[in-house]
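Just so you know, all these numbers are worked out from the coordinates, no wet-lab data involved. Note that this is a predicted model, so its numbers are computed, not measured. Methodologically, a virtual Cβ is constructed for each residue, glycine included, from the backbone with ideal geometry; neighbour enumeration extends over all protein chains shown.
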Amino acid sequence: LDFCTSLGQSYPGKPKIIRCRSLEKETFSCWWKPGSDGGLPTNYTLFYSKDSEEKIYECPDYRTSGLNSCYFDKNHTNPWTTYNITVMATNEIGSNTSDPQYVDVTSIVQPDAPVNLSLETKTSASIMYLWTKWSPPPLGDVSSNSHVYHYELRLKPEEKEEWETISVGVQTQYKVIGLQAGVKYVVQVRCKLDLGEWSKWSSKRYIQIPRGE
């Protein structure tokens, strides 16, 4: 039973850890969803331990990743360690703790989408092609040059439903041939590291393929 005062106040509801994500295997963030506040100001504290260590640590940075979050910078991230993470909600009546989340950094890697996708039609030996270029996702406190991203490109005529997906490998440019003249195409690109998930697709870019002379 909830302990309730005559004002209908109680200790806070149980928070829930909703997601942990690493952009590049060197830092990571976790986010939680608060439960009810019990009608009182409520503080949230994230605690974690590592593998079989008994020592309990508190979140090093509650600000960088936004509201209800904890950011683990390079000094607090070990990709070869499993973290046991809980969030405790506390008000003046009592506290409530989330279910634990076990985090292995290598399994939560998902980069941001590539940026600066540009499209240009070119002609070589009287064959027209689409020249696509993009940049790897920008990173905060780590150098993006030290990461090898693999890319996928997808494109389709604007009015069609079905995408054609092309595995590009590690290069940040690609020549697409065999496009239909006079058709407007939409193009996106995404990336992944050597492990983890694909990023979301980048912003859409559109290009009208000129009609032949």
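Considered as an equivalent ellipsoid built on the Cα gyration tensor, the chain has semi-axes of 48, 21, 12 Å, the largest given first. The stretch between SER52 and LYS184, if pulled fully straight at 0.36 nm per residue, gains 41.8 nm over its current Cα-Cα span. Can you give the FRET efficiency to the nearest 0.05 for ARG63 and LYS133, using r as the Cβ-Cβ distance and R₀ = 41 Å? Efficiency computed from Cβ-Cβ geometry: 0.70. If I take R0 = 41 Å and measure r between the Cβ atoms of GLU158 and ASN78 in this structure, what FRET efficiency does the formula 1/(1 + (r/R0)^6) give, to the nearest 0.05? Efficiency, from the Cβ-Cβ distance: 0.35. With a Cα-only, solvent-free Debye model of region 16-107, what are the log10 I(q)/I(0) values at q = 0.16 Å⁻¹? Debye intensities relative to I(0), on a log10 scale: -0.62. For the pair SER118 and ILE166 in one chain, pulling the backbone fully straight at 0.36 nm per residue adds 15.6 nm over the alpha carbon distance. Where nothing but the Cβ of Lys and Arg (+1) and of Asp and Glu (-1) is charged, how large is the charge dipole of region 61-159 around its Cα centre, in debye to the nearest 20? Magnitude of the dipole: close to 380 debye. Sorted ascending by nearby beta carbons within 10 Å, beginning with the fewest, SER65, SER126 become SER126, SER65. A Cα-only calculation for region 164-213 places Rg and Dmax at 13.6, 46 Å.
Extending 7 Å from the Cα toward the beta-carbon at both TYR206 and ASP37 defines two label points whose distance is 4.4 nm. Net charge dipole, region 115-208: roughly 240 debye, given to the nearest 20, about the Cα centre with Cβ charges of +1 for Lys and Arg and -1 for Asp and Glu. The smallest convex shape that holds all Cα atoms of region 115-208, its convex hull, gives 105 Å³ per residue.
Bridgeable lysines around LYS33 (alpha carbons under 26 Å apart, same-chain partners fewer than 8 residues away excluded): LYS14, LYS16, LYS25, LYS50, LYS55, LYS74, LYS200. As a proxy for reagent exposure, ARG211, ARG190 were ordered by neighbouring Cβ count within 10 angstrom, fewest first; the result is ARG211, ARG190.
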